[in-house]
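Trainee: Quick one: this structure, given as structure tokens, is what I'll be asking you about.
The values are calculated or read from the model by the stated rules, or taken from the named source; none is laboratory data. Bear in mind the structure is a predicted one, so any value in this text is a computation, not a measurement. Cβ placement follows ideal geometry from the backbone for every residue including glycine, while neighbour counts extend to all protein chains displayed.
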Amino acid sequence: MKQFRVTLILPNDRRETLLVGADEHILEKALEAGIDLPHSCLQGWCLSCAAQVISGRTDQKDSRRYYEVDREEGFVLPCTGKPKTDLVLKTHATDAKKKKKKKHHLPYPRGTWGK
């Protein structure tokens, strides 16, 4: 299986790089490597794991709530995202992702606003 280098930019600009296969979810590999990332549903629904793409592309076909505008604005959901190229992702982007969903009047999980 083809593998890609995925670099995660974590809080405090700490960087972690891991190899992720083309058929593997980014979040799962990060957790296996001991990298603690926010997550909840593991279905591409809750936005807890949202990350911003600095460079590269992902396959988000497994995501339940991922839209073309999400890709255009540079967001991925690592829980269901699979690398298509080497990637650099800025993690912990949940709040920014929620604001973009609201701006574009896209569906978002209940109970996630107003907190």
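Trainee: Being of a type outside the set (S, T, N, Q) and either under 11 Å from L77 (Cβ atoms) or modelled with pLDDT of 95 or more (or both) is the filter here, so list the residues in segment 13-24 that pass it. Don't jump to the end; show me each part of the working.
Mentor: Residues of segment 13-24 of a type outside the set (S, T, N, Q): 13-16, 18-24.
Of everything in segment 13-24, those that are of a type outside the set (S, T, N, Q) and either under 11 Å from L77 (Cβ atoms) or modelled with pLDDT of 95 or more (or both) turn out to be R14, R15, E16, L18, L19, V20, G21, A22, D23, E24.
Trainee: I need the strands (runs of 3 or more DSSP E) fully contained in segment 1-73, keeping only those with at least 1 residues that are without any contact (Cβ under 8 Å) to a residue 40 or more places away in the chain and among the basic types (K, R).
Mentor: On the way: elements: 3-9, 15-21, 51-55.
Where strands (runs of 3 or more DSSP E) fall fully within segment 1-73 and carry at least 1 residues being without any contact (Cβ under 8 Å) to a residue 40 or more places away in the chain and among the basic types (K, R), they are 15-21.
Trainee: Just to be sure, is K102 at pLDDT below 85, buried (at least 18 other Cβ atoms within 10 Å of the Cβ), farther than 17 Å from G21 by Cα and among the basic types (K, R)?
Mentor: When the stated conditions are applied, K102 does not pass them.
Trainee: Go over the candidates D23, D70, D13 one by one and state the one that is on the phi > 0 side of the Ramachandran plot and among the acidic types (D, E).
Mentor: Details: D23 fails: on the phi > 0 side of the Ramachandran plot; D70 fails: on the phi > 0 side of the Ramachandran plot.
When all the criteria are applied, what remains is D13.
Trainee: Scanning segment 46-82 for residues that are out of contact with any Ser or Thr (no Cβ under 8 Å at 6 or more places or on another chain) and among the aromatic types (F, W, Y), which turns out farthest from L10 (Cα to Cα)?
Mentor: Y67
Trainee: Looking at segment 68-83, is at least one residue buried (at least 21 other Cβ atoms within 10 Å of the Cβ), among the β-branched types (V, I, T) and touching a His at 6+ places or on another chain (Cβ under 8 Å)?
Mentor: yes
Trainee: Condition first: of a type in the set (D, E, K, R) and either touching an Asp or Glu at 6+ places or on another chain (Cβ under 7 Å) or over 10 Å from C79 (Cα atoms) (or both). Now tell me which residues in segment 25-59 satisfy that.
Mentor: Step one: filter segment 25-59 for residues of a type in the set (D, E, K, R), giving 28-29, 32, 36, 57, 59.
If the condition is that a residue be of a type in the set (D, E, K, R) and either touching an Asp or Glu at 6+ places or on another chain (Cβ under 7 Å) or over 10 Å from C79 (Cα atoms) (or both), then E32, D36, R57, D59 are the ones that fit.
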